[in-house]
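Below is one structure; the comments refer to it alone.
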Amino acid sequence: MIEKNKLVFDQAIRTADILVEMMGSRCEVAVHDFRNLDQSLIHLAGSITDREIGSPITSLVLEQLKNAESNVDDFANYKTVSHKGHVMKSSTVFLYDDENEVIGALCVNIDVSLLIQLGGEIQDFITFNDQRVEKESFYTTVHDVVEDMIEHALQELNKTPAMLNKEEKIEVIRILEKKGTFLIKGSTEYLAKVLGVSKYTIYNYLQQIRTEENFNAH
């Protein structure tokens, strides 16, 4: 991490550790450094999602970063489900430097699966602000990030890569651009292999999409 931001991350790490110490084994708190989204996880207190230090950013945070017009808003008390089926209450607090630039995030996950089973008397504790299940994937490798996002984009079109025409390939790229996929290093090359085109074709389609979006925004 950059030396001038060390205090911010040190405080976030101390907060992560104390939260898990207070909440116990069903709590996990992650600290992310956004300088490298491919390996953004720099500290993990607790273990619910089976990630390790150096794991990439989650899909939900990546999408927030991509679509934020200015400062990124914190979001609290949303429902996520881990790959093992754990139902979690989750919250994300973004970290800023002294120039008000977002540099990272502190993400809290609390496994409430058992509490949901207990029901009744703890209903207030397990009530979510938004009853929708937010799709947030907790990745362990960068390859998983890109592969998962591409798979979901293809599912939206309900076609295999070999069946896509030019317009549909552009639509896949448009979906991935909106989700922030191309913020991840190596995503362009991987997508090119999946779609059976050159990386330069991906660059051209991506430039076309961004030009259209900039034109429509004005």
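The values are calculated or read from the model by the stated rules, or taken from the named source; none is laboratory data. Source: prediction; values computed, not measured. As a convention, Cβ positions derive from the backbone with ideal geometry for all residues, glycine included, and neighbour counts pool all protein chains shown.
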Of (1) over 16 Å from VAL93 (Cα atoms); (2) more than 13 Å from the chain's Cα centre (by Cα), ASP74 fails just (1)
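May I ask you to verify whether THR58 is closer than 22 Å to ILE175 by Cβ and crowded, with 20+ Cβ neighbours inside 10 Å? It would help to see each step written out before you state the result.
Details: closer than 22 Å to ILE175 by Cβ: yes; crowded, with 20+ Cβ neighbours inside 10 Å: yes.
Against the criterion (closer than 22 Å to ILE175 by Cβ and crowded, with 20+ Cβ neighbours inside 10 Å), THR58 qualifies.
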Regarding MET149, is this residue under 30 Å from ILE53 (Cα atoms) and among the aliphatic types (A, V, I, L, M)? yes
Residue satisfying condition, being among the charged types (D, E, K, R), in contact (Cβ under 8 Å) with a residue 24 or more places away in the chain and buried (at least 21 other Cβ atoms within 10 Å of the Cβ), within set GLU28, GLU63: GLU28
Restricting attention to segment 1-18, report how many residues are crowded, with 18+ Cβ neighbours inside 10 Å and more than 17 Å from VAL102 (Cβ to Cβ). 1
Looking at segment 33-40, is at least one residue among the polar types (S, T, N, Q), within 18 Å of the chain's Cα centre (by Cα) and more than 22 Å from THR140 (Cβ to Cβ)? no
Inspect all residues belonging to segment 122-143 and state whether any of them is part of a helix (DSSP H, G or I), surrounded by fewer than 19 Cβ atoms within 10 Å (Cβ to Cβ), modelled with pLDDT of 80 or more and not basic (Lys, Arg). no
Among the residues in segment 93-104, are any crowded, with 18+ Cβ neighbours inside 10 Å, more than 20 Å from PHE182 (Cα to Cα), in contact with a strand residue (DSSP E or B) (Cβ under 8 Å, 6 or more places away or on another chain) and assigned by TED's automatic domain parsing to the domain that holds VAL8? yes
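Would you confirm whether any residue within segment 57-76 is under 30 Å from LEU176 (Cα atoms), in a strand (DSSP E or B) and at pLDDT 90 or above? Give the derivation first.
So the first thing to find is which residues in segment 57-76 are under 30 Å from LEU176 (Cα atoms), and the list is 57-76.
Now restrict to residues that are in a strand (DSSP E or B): 75-76.
Adding the requirement that they be at pLDDT 90 or above leaves 76.
Taking every residue of segment 57-76 in turn, at least one turns out to be under 30 Å from LEU176 (Cα atoms), in a strand (DSSP E or B) and at pLDDT 90 or above.
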Would segment 8-27 turn up any residue that is more than 12 Å from LEU95 (Cα to Cα), assigned by TED's automatic domain parsing to the domain that holds SER90 and assigned to a strand (DSSP E or B)? yes
